[in-house]
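Structure record follows, encoded as structure tokens.
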Amino acid sequence: MTSHRDVLRPAVAVVGGGPAGLAAATALRQLGIGPVLVLERQRAAGGVPRTSGHIGYGVRDLRRVMTGPQYAERIVQQARDWGSDVRTGAMATHWAGDRALLVTSPAGRLLVEAEAVVLATGARERSRSARMIPGDRPSGVLTTGLLQDLVHGRHERAGGLIGLRAVVVGAELVSWSAVLTLREAGCATVAMTTLHERPESYAAFSVPGRTMLRVPVVRRTRVTRIVGKERVEAVEFTHEGTGQKVMIECDTVVFTGDWIPDNELARMRGLDLDPGSLSPVVDTALRTSAEGVFAAGNLLHPVDTADVAALDGRHAAAQVASWLGGATRPADAVLVRAGAGFAWVAPGVIRPGDPAPPRGRLLLWPTGHRAVPRVSVRQGGRLLARRVLPWPASPGRVFRVPWSLVSAVRPGDGDVIIGLD
Amino acid sequence: MIDVDVAVIGGGVVGCAVARELAGRQTDGRPVAVALVEARGDVGDVTSKANTAILHTGFDAAPGSLESTMVSRGYDLLSAYAGDTGIPVEATGALLVAWTEEELSTLPALRDKAARNGYADAVPVNSAYDHVPALGPGALGGLLIPGESIICPWTTTLAYATDALARGARLLLNHRVTSADVGADATVLSTTGGDVRTRWVVNAAGLGSDRVDAMFGHRRFTVVPRRGELLVFDKLARASVPRIVLPVPSAKGKGVLVSPTIFGNVMLGPTSEDLADRHDTSTSAEGYAFLLAKGGVIMPGLMAEEVTASYAGLRAATEHADYVVDVDPAQRYVVLGGIRSTGLTASMALAERACDLIEGSGHRLDLRPDVPAPPRMPNLGEAFPRPYERVDLIEHDPDYGTIVCFCERVTRGEIRDALRSPIPPVDLDGLRRRTRAVMGRCQGFACGAEVDALLRGEGA
Ligand SMILES: Cc1cc2nc3c(=O)[nH]c(=O)nc-3n(C[C@H](O)[C@H](O)[C@H](O)COP(=O)(O)OP(=O)(O)OC[C@H]3O[C@@H](n4cnc5c(N)ncnc54)[C@H](O)[C@@H]3O)c2cc1C
Ligand SMILES: Cc1cc2nc3c(=O)[nH]c(=O)nc-3n(C[C@H](O)[C@H](O)[C@H](O)COP(=O)(O)OP(=O)(O)OC[C@H]3O[C@@H](n4cnc5c(N)ncnc54)[C@H](O)[C@@H]3O)c2cc1C
């Protein structure tokens with residue numbers, strides 16, 4: 001059996017046509033690199049924002065506020081205008097070499113042999129099964145991603161997949177986005193549940209959220225069972241402290257947050273992964289552990305906002321350009337690891353001589369809430385920096401640490417650990 | 001009223017196999033008129049969809065039992081039929097692992113038992129790790145069973161049913177049999193979809209087989225649903241599980257295994273727990289905890305992988321150790337009951353047996369010379385080329401180049417084909433069993449809306 005029909009040989013193959021991938025493609029073209037091929041498996045490019053109906057996109061990268069679909073349209077247009085070949089319905093399914101991919105598309109099975117590859121495959125929410133929630137397996141159990149797609153496609157309650165009374169699991173920003181989307185579909189949110197004492201997005205959203213949307217947030221609570229033969233009838237909540245169980249009647253359950261990167265290609269390629277995020281480990285130039293393979297966006301930090309993903313893409317583009325121009329990666333490397341209070345940190349490698357990370361920030365994922373976080377940076381047991389940062393650390397939201405805190409890092413002195421005191 | 005020669009009650013893997021076999025027979029040169037009478041809206045929607053999907057050699061059956069005979073005969077028949085129809089089968093083989101000295105000491109006896117079951121190929125191995133390097137510490141030795149294979153249970157049931165239809169059988173979905181009125185020449189089955197008049201009845205009602213048996217006045221067994229919960233791990237774990245890893249069987253059953261699946265995942269299970277409710281296929285926190293503990297011993301590395309799915313199936317266990325297979329010639333009635341944990345493998349042998357029992361009662365069932373060729377089923381198996389990677393198919397129909405479900409690489413063309421197939425899906429679960437759509441790691445996060453639209457005929 002032949003493995004492919006046509007061979008494409010772009011300078012750069014970008015896998016994933018979301019904010020990160022498209023921004024990388026546009027920036028590469030702006031730097032005069034080409035040809036650039038963007039592979040997007042969905043039937044339209046744009047990534048998650050494409051179906052995310054609410055406002056709140058484009059702030060940091062395009063310096064304006066728009067809805068997800070508007071934003072998606074804009075970044076796709078930009079990439080095309082700058083001359084990238086954005087192919088939709090095109091999924092990279094396997095590696096066929098160090099920087100070669102096999103792709104399925106309506107135009108045939110393709111072999112893509114690129115000089116450099118940018119992985120920008122995004123992240124997804126863990127499903128109910130991945131969270132190992134026992135019980136029946138009725139319909140009406142969704143993730144925000146699916147909910148959003150269903151409503152965006154304007155399937156009127158989507159063949160019964162969306163009902164009238166929903167429980168939203170999680171209280172992050174994305175969870176409130178789910179509440180809004182449910183409301184648009186005519187479905188009321190009867191409760192939100194969070195494992196945490198304080199809802200994750202407390203500061204940013206939940207006060208207005210609660211007053212505006214009147215959704216009770218049940219805290220320190222885990223969903224422990226789903227009930228209903230054909231259709232969801234109720235969910236069982238268990239309080240983390242008391243073990244008390246409560247049943248709440250509903251016909252829809254939306255599992256929000258609990259992100260995992262879409263790391264299939266990264267794993268198939270054998271890239272080093274961060275144990276906390278399961279994302280490919282990158283240095284501040286967004287190089288992965290494989291030469292000529294870069295990564296950007298929520299694949300690296302599940303999840304941050306779309307504009308941050310796009311700025312990653314832009315950052316990666318400059319680094320890809322310099323690799324194509326013959327620059328080699330600095331030999332010395334210091335590993336950065338998440339310490340107390342954090343699940344992961346990205347980038348995870350610092351190389352002397354490399355640029356600062358995108359936006360001059362390290363991104364970390366807090367495991368608990370801290371209103372006044374005091375961050376310490378240690379290398380080989382030695383305290384390099386300690387600073388109280390003026391923004392809270394909340395689970396479910398990326399926490400940003402300025403690059404200046406790690407400026408004293410030296411190769412050969414051991415791993416760097418960033419934690420909360 | 002529908003009037004047939006044989007009504008088969010139950011469209012599980014066993015009933016579908018029986019209907020197919022009967023529809024391939026004739027009496028006095030006239031094809032046997034067969035009705036497959038199923039309570040639910042689809043075939044294979046109960047126990048036949050939720051098992052561990054192993055094509056058993058029967059090496060560990062009770063020698064001399066009907067189950068032993070049926071499993072080893074069924075293994076041969078289904079292996080051949082899979083080749084004819086494209087039902088995916090992978091001969092991965094199994095490694096039975098001894099974790100204690102006591103278990104180690106039973107291996108020679110197990111090998112003898114396998115031989116008494118007609119299976120002579122079992123090979124003792126000193127180092128289990130040579131065969132499954134990812135095993136947890138403490139494996140003392142093992143027995144290789146090269147013949148144990150993995151198979152697609154959904155395609156098997158559908159292939160039988162599709163074949164039965166092609167041979168002229170009628171499929172009566174949403175027909176739950178509620179009573180049987182046995183007359184001198186014919187029996188009238190009352191069903192939720194109307195009456196069915198038939199000369200012979202074959203009871204293949206699975207978990208309901210004792211109740212159907214009671215409709216004929218018998219009280220020979222009671223089904224006790226024995227729940228088996230399973231966890232399915234991410235495809236990225238598949239490489240570390242080259243073959244089925246079996247425990248040493250005990251009096252309590254086959255025990256917890258780790259197995260590759262035909263779809264390229266890894267499965268851990270099943271549990272074994274007697275229930276009262278014949279419909280309770282829910283999973284439980286206790287079941288998960290038990291499996292994770294077992295899995296942590298068998299293959300600790302697997303526990304770090306993501307769980308893609310979990311489910312539970314109910315075995316139709318009874319008070320008898322063996323299958324309950326019998327004929328009541330006076331009532332022209334055959335029972336295939338208590339087919340608990342090997343029915344997928346034994347299905348074609350049970351179908352033959354049902355025909356033999358009817359023939360033995362004086363009703364001739366000759367092989368038809370004119371049966372249509374068996375259907376070619378869509379390949380759902382990961383070990384064989386799938387449409388998304390077939391240059392030839394995509395070239396000729398771009399729908400096979402349009403992946404809709406990304407995790408499982410299911411194309412628009414395959415979904416379209418399933419919707420146009422002789423037994424189309426009636427819901428998302430049915431579509432999943434025909435195409436694998438939405439059963440992957442994202443569980444619809446990226447494709448659920450599109451698949452739902454296609455299912456409802458709204459796909460662009
Ligand atoms: C419900 C919801 C609400 C949100 N609200 C906001 C908001 O208000 N403001 C905001 O800034 N951010 C918001 N976000 C976050 C934002 O959507 C993400 O940060 C952003 O989309 C990340 O961009 P990305 O390019 O990294 O990934 P994605 O947008 O996920 O794009 C990845 C792309 O890669 C494609 N892909 C993956 N694998 C392959 C493959 N093998 N071959 C081809 N293509 C592939 C995918 O189809 C996808 O299109 C929200 C997210 C969600 C889920
Ligand atoms: C956890 C588990 C693991 C297993 N692993 C394996 C394995 O690896 N290999 C193997 O070979 N076997 C295995 N099995 C066993 C196998 O799945 C079963 O033996 C087989 O599916 C039984 O098929 P069936 O057709 O008898 O029953 P079912 O599939 O239950 O079908 C019976 C049908 O009868 C219908 N019905 C019931 N009552 C009525 C009525 N009154 N009127 C009309 N229709 C009715 C039901 O709706 C159902 O569709 C396993 C089973 C379980 C539970």
Just want to confirm a number: the relative contact order over chain A, from Cα pairs under 8 angstrom separated by 6+ residues, in percent.
16
Quick shape check on segment B:387-455: root eigenvalues a ≥ b ≥ c of the Cα gyration tensor, a/c under 1.5 is rounded, otherwise prolate if a/b tops b/c, else oblate, and it reads oblate
According to a simple spin-label model (label point 7 Å from Cα along Cα-to-Cβ), what is the distance in nm between residue A:371 and residue A:333?
4.2
Whole-Hz ³J(HN,Hα) from phi, Karplus 6.51 cos²θ - 1.76 cosθ + 1.60, for segment B:89-95, glycine and proline x
9, 10, 7, 6, x, 10, 10
Evaluate the distance, in nm, between pseudo-label points positioned 7 Å from the Cα of residue B:304 and of residue B:279 along their respective Cα→Cβ axes.
4.3
Cα atoms only, chain A: Rg and Dmax in Å?
21.8, 62
Could you rank the peptides B:184-192, A:274-282, B:378-386 by their average count of other C-beta atoms within 10 Å per residue, with the highest value first?
A:274-282, B:378-386, B:184-192
Among A:257, A:380, A:16, which one shows the highest mean-square fluctuation when chain A is modelled as a Gaussian network with alpha-carbon springs under 10 Å?
A:380
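Rounded to whole Å and ordered largest first, report the semi-axes of the equivalent ellipsoid of segment A:331-421 derived from its Cα gyration tensor (root of 5λ).
Here the semi-axes work out to 21, 13, 11 Å.
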Could you tell me the convex hull volume per residue, in Å³, taken over the Cα atoms of chain B?
144
When the Cα atoms of the protein assembly as shown are enclosed in a convex hull and the volume is divided per residue, what value in Å³ results?
171
Could you tell me the calculated FRET efficiency between residue B:252 and residue B:216, based on Cβ-Cβ distance and R0 = 45 angstrom, to the nearest 0.05?
0.90
Pop the C-beta distance of residue B:330 and residue B:1 into the FRET formula with R0 = 35 Å and round what comes out to the nearest 0.05.
0.90
Where labels lie 7 Å past Cα in the beta-carbon direction, separation of residue A:188 and residue B:125 in nm
6.0
Computed E for residue A:82/residue A:227 - FRET, C-beta separation, R0 41 angstrom, nearest 0.05
0.20
Residue A:344's amide H: which non-local residues (gap 5+, or another chain) put their own amide H closer than 5 Å, with H modeled 1.01 Å from N in plane and none for Pro or chain starts?
A:365
Which translational diffusion coefficient, to the nearest whole µm²/s, is obtained for segment B:11-68 from the Stokes-Einstein equation, given a Kirkwood hydrodynamic radius over C-alpha pairs, 20 °C and 1.002 mPa s?
154
Dipole check, segment B:387-455, charges on Cβ (K,R +1; D,E -1), about Cα centroid: among B:426, B:401, B:388 the Cα furthest to the positive pole belongs to B:426
List every residue whose amide H lies under 5 Å from the amide H of residue B:264, counting only residues 5 or more places away in sequence or on a different chain, with H placed 1.01 Å from N in the peptide plane.
B:382
State the extension gain, in nm to one decimal, for the chain segment bounded by residue B:364 and residue B:289, taking 0.36 nm per residue of separation less the distance between their alpha-carbons.
21.7 nm
Measuring from a point 7 Å past the Cα of residue B:419 along Cα-to-C-beta, which residues in segment A:29-54 have an amide N at less than 20 Å?
A:42-44
Cα-based Rg (one decimal) and Dmax (whole number) for segment B:313-460, in Å?
20.9, 59
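A short reminder: the numbers here are calculations on the coordinates, not readings from a lab. Being a predicted model, the structure only gives us computed values, none of them experimental. FYI the Cβ positions are ideal-geometry reconstructions off the backbone, even for glycines, and counts take in every protein chain you see.
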